[in-house]
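To start, the structure itself, in structure tokens.
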Amino acid sequence: MANILAFAESRGGKLRKSALEAVTAARSIADARGGEVHAVLLGASGISGQAEALGRHGADTVIVVEHDGFANYNPEASSAFIADRLASGYDAAVFPATAQGRDLAPRVAARRGVGMASDVTDITVESDALVCTHPVNIGKVIARVRVSGTPAIVSVRPSAFTPVESPREVRVEPASPSGDPSASRVKVVELREGSAGKLDLGEAPIIVSGGRGLKSADNFKLVEDLADAFGNAAVGATRAVTDDGWRPHTEQIGQTGRTVSPRLYVAIGISGAIQHLAGMRTSGTIVAINKDKDAPIFRVADYGIIGDAIEIVPVLTEAVRKAKQS
Amino acid sequence: MKIAVCIKRVPDMEARFKIAGDGKSVDYTGLKFDMNDFDSWAVEAALQLKEKAGQGEVVIISLGPDAVQETIRKALSMGADRGVQLAAAEIPFDGFAIASALAAELKDGAYDLVFFGKQAPDSANGVVGIMVAELLGYAAVSSINKLELQGTSGTAERAIEGATEVVQFPLPAVLTVDEGLNQARYPSLKGIMAAKKKQIEQKPAQLGAATVSIQAMAMPPERAPGRILGEGAAAVPELVQLLQTEAKVI
Ligand SMILES: Cc1cc2nc3c(=O)[nH]c(=O)nc-3n(C[C@H](O)[C@H](O)[C@H](O)COP(=O)(O)OP(=O)(O)OC[C@H]3O[C@@H](n4cnc5c(N)ncnc54)[C@H](O)[C@@H]3O)c2cc1C
Ligand SMILES: Nc1ncnc2c1ncn2[C@@H]1O[C@H](COP(=O)(O)O)[C@@H](O)[C@H]1O
């Protein structure tokens with residue numbers, strides 16, 4: 001049997017989009033191998049209500065563990081459960097390359113005694129291996145990584161696998177945890193949510209980013225207003241700006257910050273240093289506004305405007321607002 | 001307090017990379033190498049804890065060819081006490097193979113804490129630290145940007161999508177370090193002189209079997225050349241028009 005396991009990430013009792021992406025990637029492997037997709041869903045009581053959406057995206061079985069110890073992310077109990085499941089014979093396991101998945105997947109791999117491919121953007125199924133596309137050297141080189149361990153463990157880059165519906169009669173299989181999840185040594189004792197209603201950089205279809213060219217923390221209001229005008233946008237920043245404390249580090253995009261790939265990326269007062277490009281060069285459309293016509297950002301931008309951001313951005317915000325209304 | 005820090009020697013990411021003749025590696029001849037930035041923050045974290053405790057030892061471990069001794073020496077000049085090179089002709093891509101060798105070295109060391117960087121920029125795997133923790137049976141928290149110890153336990157914070165997790169853990173523990181935890185110090189002249197006398201022990205790396213390997217490499221597709229639409233606010237209407245009709249993002 002060539003079954004594929006997918007980790008269905010959730011937070012606060014709700015599935016994350018990354019869960020559907022992992023199931024979609026697992027479905028494509030299972031279809032190539034002629035096997036089933038088994039999704040693992042861990043959460044507090046009531047989480048089984050989320051199983052249906054997993055079935056709609058191609059899970060044949062959803063293995064559900066409901067336990068208060070899974071109310072927050074529980075790395076030790078999660079990895080123990082998944083590693084035990086994998087021991088019953090799976091070809092592969094797919095995790096999202098999110099904060100949770102990046103923590104969990106290597107735990108599971110080490111428990112199974114195999115290596116893994118991280119943050120993959122594409123998977124080719126061969127008879128004895130998965131061959132995965134994985135950007136290396138801050139995205140300046142693309143590697144094809146051969147994963148021949150059993151199980152083959154991969155984490156998939158957020159947004160690289162668009163959730164595809166592939167509905168089926170999903171079996172929900174309640175399961176018991178491996179050991180007592182409340183007894184884990186490592187405990188998430190608090191989850192501090194960012195501002196409500198704010199889109200995460202990884203999920204926003206549009207990102208408006210600002211750099212040192214904005215001149216002050218206060219001028220970031222212009223960036224936020226433009227993001228508001230788009231409606232479905234998140235705000236990003238460069239390291240120059242997060243280092244100065246104008247914006248939190250969580251908004252930093254680049255080599256040591258987040259890697260993003262929105263449909264539209266607007267770079268305002270950003271020079272386009274290689275470390276910044278590392279985090280956004282695969283965006284769909286890139287717009288740059290910079291007063292220096294030789295700024296490297298213009299070499300990756302699809303559309304550029306030369307000039308003072310403080311003057312241009314409010315005009316752009318107004319124009320976007322009008323365009324959205326019409 | 002006995003602390004180990006595992007550091008990786010990595011190529012300068014500002015360089016222009018060329019695929020080697022074998023089609024599955026990068027030609028690094030002539031490029032500069034240095035300590036992974038995340039690892040320099042890991043070294044800093046270890047040094048700060050030792051200084052705060054007023055006693056202890058910080059041991060630097062790096063797996064790779066003899067050139068990694070230069071990187072270890074840099075950590076020693078920042079203030080670490082001694083180094084271990086796990087000698088291997090090259091650094092494998094498979095994080096589990098690396099983790100197995102590091103865990104074999106760490107397991108009898110009675111370390112209270114073992115620090116790693118969150119990720120190496122060349123492999124972009126971000127797995128080695130967590131795998132070592134599993135192999136040692138240590139508690140582990142990955143990608144931390146805040147840390148406080150209270151006796152034999154600690155509290156760390158990590159950024160997740162749109163939120164922050166506050167995590168408690170007991171010692172001994174493995175911690176992997178994200179940007180923002182601290183600012184790494186530069187080696188002082190005194191530190192550089194002192195480091196010359198510090199010991200770097202060399203042992204063969206007991207690499208685990210690799211199940212993951214690079215079979216091909218390629219350069220990413222170039223972005224099609226873009227257009228400068230004009231200067232100042234006068235160019236805004238054309239931009240918005242293009243975003244609607246050509247890019248179709250509004
Ligand atoms: C190891 C390492 C890791 C790094 N990681 C990251 C990372 O993750 N993310 C990141 O972003 N950086 C990172 N950096 C830093 C990076 O090298 C750059 O220093 C940084 O990206 C520059 O930010 P910036 O573009 O905001 O500032 P600058 O480079 O100072 O550019 C400001 C730009 O604004 C323009 N400008 C000035 N005034 C105006 C105006 N009125 N209107 C319009 N334009 C104006 C200027 O022409 C200039 O191009 C890293 C560096 C290192 C060494
Ligand atoms: N060859 C190595 N020697 C010592 N430590 C390493 C080595 N490779 C990776 N590491 C550690 O593991 C971290 C993550 O690496 P990676 O999993 O390859 O992204 C690095 O930041 C280092 O702390």
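No lab work stands behind these numbers, since they all come straight from the coordinates. Quick caveat: nothing in here was measured; it's all calculated off a predicted structure. Using ideal geometry, Cβ is built from the backbone for each residue, glycine included, and neighbour counts are taken over all protein chains shown.
Quick notes on this one:
- Answer residue from segment A:134-170, given it is in a loop (DSSP other than H, G, I, E, B) and charged (D, E, K, R) and is farthest from the other protein chains (Cβ to nearest Cβ) among those: A:Glu169
- Selection from segment B:236-250 of residues that are closer than 11 Å to A:Ala319 by Cβ, of a type outside the set (D, E, K, R) and assigned to a helix (DSSP H, G or I): B:Val236, B:Pro237, B:Leu239, B:Val240, B:Gln241, B:Leu243, B:Gln244
Okay, residues lined up against (1) assigned to a strand (DSSP E or B); (2) over 26 Å from the mean Cα position of the chain (by Cα); (3) more than 16 Å from ligand 2 (Cβ to nearest atom):
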position	(1), (2), (3)
A:Thr256	no, no, no
A:Tyr265	yes, no, yes
A:Ser283	no, no, yes
A:Ala288	yes, no, yes
A:Asp292	no, yes, yes
A:Val315	no, yes, yes
A:Lys324	no, yes, yes
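- The one condition in (1) in contact (Cβ under 8 Å) with a residue 60 or more places away in the chain; (2) in contact with a strand residue (DSSP E or B) (Cβ under 8 Å, 6 or more places away or on another chain); (3) more than 9 Å from chain A (Cβ to nearest Cβ) that B:Ala195 fails to fulfil: (2)
- Residue that is farthest from ligand 1 (Cβ to nearest atom), among those in segment B:97-127 that are free of Cβ contacts under 8 Å to residues at least 40 places away in the same chain and surrounded by fewer than 22 Cβ atoms within 10 Å (Cβ to Cβ): B:Asp108
- Segment B:128-147, subset surrounded by 23 or more Cβ atoms within 10 Å (Cβ to Cβ) and in a strand (DSSP E or B), residue farthest from the other protein chains (Cβ to nearest Cβ): B:Ile144
- All positions within segment B:28-75 that are under 19 Å from B:Ser153 (Cα atoms), away from ligand 2 (no atom under 13 Å from the Cβ) and surrounded by fewer than 23 Cβ atoms within 10 Å (Cβ to Cβ): B:Leu47, B:Gln48, B:Leu49, B:Lys50, B:Glu51, B:Lys52, B:Ala53, B:Gly54, B:Gln55, B:Gly56, B:Glu57
- Any hit, segment A:26-45, residues being closer than 22 Å to B:Met131 by Cα, part of a helix (DSSP H, G or I), within 18 Å of the chain's Cα centre (by Cα) and among the small types (Gly, Ala, Ser): no
- Subset of segment A:39-77 (residues that are touching a residue at least 60 places away in the same chain (Cβ under 8 Å) and within 30 Å of A:Glu126 (Cβ to Cβ)): A:Leu54, A:Gly55, A:Arg56, A:His57, A:Gly58, A:Ala59, A:Asp60, A:Thr61, A:Val62, A:Ile63
- Qualifying residue in segment A:299-312 (condition: closer than 25 Å to A:Ser159 by Cβ, within 9 Å of ligand 1 (Cβ to nearest atom), among the hydrophobic types (A, V, I, L, M, F, W, C) and buried (at least 21 other Cβ atoms within 10 Å of the Cβ)): no
- Among the residues of segment B:198-228, those that are outside any loop (DSSP other than H, G, I, E, B) and within 14 Å of chain A (Cβ to nearest Cβ) comprise B:Val212, B:Ser213, B:Ile214, B:Gln215, B:Ala216, B:Met217, B:Ala218, B:Arg227, B:Ile228.
- Segment B:149-171, residues that are over 28 Å from A:Arg157 (Cβ atoms) and surrounded by fewer than 20 Cβ atoms within 10 Å (Cβ to Cβ): B:Leu149, B:Gln150, B:Gly151, B:Thr152, B:Ser153, B:Thr155, B:Gln168, B:Pro170, B:Leu171
- Screening A:Val64 with (1) aliphatic (A, V, I, L, M); (2) surrounded by fewer than 22 Cβ atoms within 10 Å (Cβ to Cβ); (3) assigned to a helix (DSSP H, G or I); (4) touching a strand residue (DSSP E or B) at 6+ places or on another chain (Cβ under 8 Å) gives one miss only, at (3).
- Looking across A:Ala273, A:Ala237, A:Ala278, A:Ala204, one residue alone is farther than 23 Å from B:Gly230 by Cβ and touching a residue at least 60 places away in the same chain (Cβ under 8 Å). It is A:Ala278.
- For segment B:102-120, the set of residues classified as more than 8 Å from ligand 2 (Cβ to nearest atom) and within 13 Å of another protein chain (Cβ to nearest Cβ) consists of B:Ala103 only.
- Look at (1) within 9 Å of chain A (Cβ to nearest Cβ); (2) assigned to a loop (DSSP other than H, G, I, E, B); (3) farther than 18 Å from A:Val186 by Cβ and you find that B:Phe96 fails only one, number (2).
- Some residue of segment A:202-221 being more than 22 Å from B:Pro221 (Cα to Cα) and within 16 Å of ligand 2 (Cβ to nearest atom): no
- Boolean, B:Thr71 is away from chain A (no Cβ under 11 Å), in contact with an Asp or Glu (Cβ under 8 Å, 6 or more places away or on another chain) and hydroxyl-bearing (Ser, Thr, Tyr): yes
- Note on segment A:261-285: among residues that are under 15 Å from A:Phe230 (Cβ atoms) and crowded, with 22+ Cβ neighbours inside 10 Å, the one that is farthest from ligand 1 (Cβ to nearest atom) is A:Leu264.
- Test: residue in segment B:50-61 that is away from ligand 1 (no atom under 15 Å from the Cβ) and in contact with a Cys (Cβ under 7 Å, 6 or more places away or on another chain): yes
- Residues within segment A:200-239 that are within 23 Å of B:Thr164 (Cα to Cα) and surrounded by fewer than 18 Cβ atoms within 10 Å (Cβ to Cβ), tallied: 5
- Verdict on B:Glu14 being charged (D, E, K, R) and within 16 Å of ligand 1 (Cβ to nearest atom): yes
- Index of the failed condition, A:Val131 passing every other in (1) surrounded by fewer than 24 Cβ atoms within 10 Å (Cβ to Cβ); (2) part of a strand (DSSP E or B); (3) at the interface with chain B (Cβ under 8 Å from one of its Cβ atoms); (4) touching a residue at least 24 places away in the same chain (Cβ under 8 Å): (4)
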